[in-house]
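First up is the structure itself, then whatever we jot down about it.
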Amino acid sequence: MADLMTLSRYNLQRKRDYEGATGDFTLLINHLALAMKVVSREVARAGLLDVLGKTGAENVQGEQVTKLDVLSNEMLIEVLNDLPMVAAIASEEDEEIRLTRAGRLSGRYLICFDPLDGSSNIDVNATIGTIFSVRKRHEIGRDATEADFCRAGSEQIAAGYCVYGSSTMFVYSTGDGVDGFTLDPNVGEFVLSHPDIRIPASATCWSANVGNARNWRQETHAFVRTLGSGEAPYAKCSLRYIGTLVADVHRNLLQGGVFFYPGDTKAPNGKLRVLYEAHPLAYVVEQAGGKASDGWRRILDVVPSGLHARTPLIIGNAREVDLYASLCAASHG
Ligand code: FBP
């Protein structure tokens, strides 16, 4: 039994470390994990259920909505709606924030999530995921507003993700290191499998959609030339791109690497969303010893201009993120 360190046991143990802890946060994380277990179950059976393909509707991002996007969005909202410590929710799939049923006025926490990341990979059985972040409200006793969410990433008090791949893994941080838990389907529990994740010193791979190269600016071309040069320290640095942000970042976190979706001549702000993708993953990667930038600023210092603001994202090993930033500075002076 001793080796069965489940996520809930782990949180209870950690709760003891925090003086004055009420248990609210532990309950919140356990419920987020519950929602992701259910999403994992549906993803694993997707081919057998009528959940593949698109709904025909378009979301606030201007993207075709998939049936699994809707299902996972509803699952997370359903679970969070009844938690008295959660005041409001912001989802990548929803135009506006949602005030919760149970914690609308008294709730201290604000939750952002990308219910299903990697929608282009859903129907082809490639790894997809869910990304989340937790913030504390500065003021309770009133309805939360969009402005409560549009704040710097450094204000997050926890963030993480779940990858639905060959196994389902829940990886998160509360600002004191990063831990990974693998879902044991026999027990139905996330079990600690990757304690204290640290990004390895060297980048063994780089991840980008090279199909966008025609729109890339000179700093990105210079970056790719360096990573692909075969010269030390990139003698063995390969291109690896799953096309699911959370899966590419997860691989790089475990094996060392850098992911980038830069701004380019066609999309100066890139593609990825600040609140649901960049902020939470930057929080986790920094806690694991890596870095995240938009080429100029630390992603955690970025204050989004709106709920669905996008940002260029360079994330992974610190040396490579710094290299990209220096190339930006050099080419734009
Ligand atoms: P969503 O699937 O949540 O919309 O996320 C965007 C995303 O799919 C990322 O997961 C991924 O890194 C990127 O877009 C892939 O974009 P592209 O198809 O342009 O390479």
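Please treat every number below as a calculation from the coordinates, not as lab data. None of these values were measured; they are calculated from a predicted model. So basically every Cβ, Gly included, is an ideal-geometry build from the backbone, and we count neighbours across all protein chains shown.
Equivalent ellipsoid of region 51-173: semi-axes from √(5λ) of the C-alpha gyration tensor, largest first, are 26, 16, 12 Å.
Roughly how many debye, to the nearest 20, is the charge dipole of the chain about its Cα centre, given +1 on each Lys and Arg Cβ, -1 on each Asp and Glu Cβ, and no other charges?
Values: 33 positive and 40 negative charges, 110 e Å.
Taking the Cα centre of the chain as origin, the dipole is about 540 debye.
Sorting the segments 204-214, 306-316 by their residues' average number of neighbouring beta-carbon atoms within 10 angstrom, most packed first, yields 306-316, 204-214. The C-alpha atoms of the chain define a longest principal axis, and helix 218-227 lies at about 90 degrees to it.
For the chain, find the longest principal axis of its Cα atoms and tell me its angle to the long axis of helix 318-332, 0 to 90°, nearest 10. Taking the Cα atoms of the chain, the angle to 318-332 is about 60 degrees. Axis angle, to the nearest 10 degrees, between helix 24-44 and the longest C-alpha principal axis of the chain: 70 degrees.
With a/c under 1.5 counting as rounded, go ahead and sort region 192-333 into rounded, prolate or oblate using the C-alpha gyration tensor (a ≥ b ≥ c being the square roots of the eigenvalues; past the cut-off, prolate if a/b is larger than b/c, else oblate).
It comes out oblate by the Cα gyration axes.
Peptides 217-224, 282-289, 180-187 ranked from most to least packed by the mean count of surrounding Cβ atoms within 10 Å: 282-289, 217-224, 180-187.
Which residue, chosen from 75, 52, 126, occupies the Cα position most advanced towards the positive end of the dipole of region 1-155, where the dipole is computed from +1 (Lys, Arg) and -1 (Asp, Glu) charges on Cβ about the Cα centre? Of the options given, the answer is 75.
For region 1-83, which trypsin sites (Lys or Arg not before Pro) are in a loop by DSSP, counting at most 14 other Cβ atoms within 10 Å? Answer in residue order: 45. Using only the C-alpha atoms, the convex hull of the chain corresponds to 137 Å³ per residue. Projecting label points 7 angstrom from Cα along Cα→Cβ for residue 145 and residue 232 puts them 5.7 nm apart.
Using the Cα gyration tensor of region 275-325, with a ≥ b ≥ c the square roots of its eigenvalues, what is the shape: rounded (a/c below 1.5), prolate (a/b larger than b/c) or oblate (neither)? Spell out each step's value before the answer.
Values: a/c = 2.54, a/b = 1.51, b/c = 1.68.
Since a/c reaches 1.5 but b/c is at least a/b, the shape of region 275-325 is classed as oblate.
Place the peptides 251-261, 55-65 in order of packing, highest mean first, counting for every residue the other Cβ atoms within 10 Å and averaging per peptide.
251-261, 55-65
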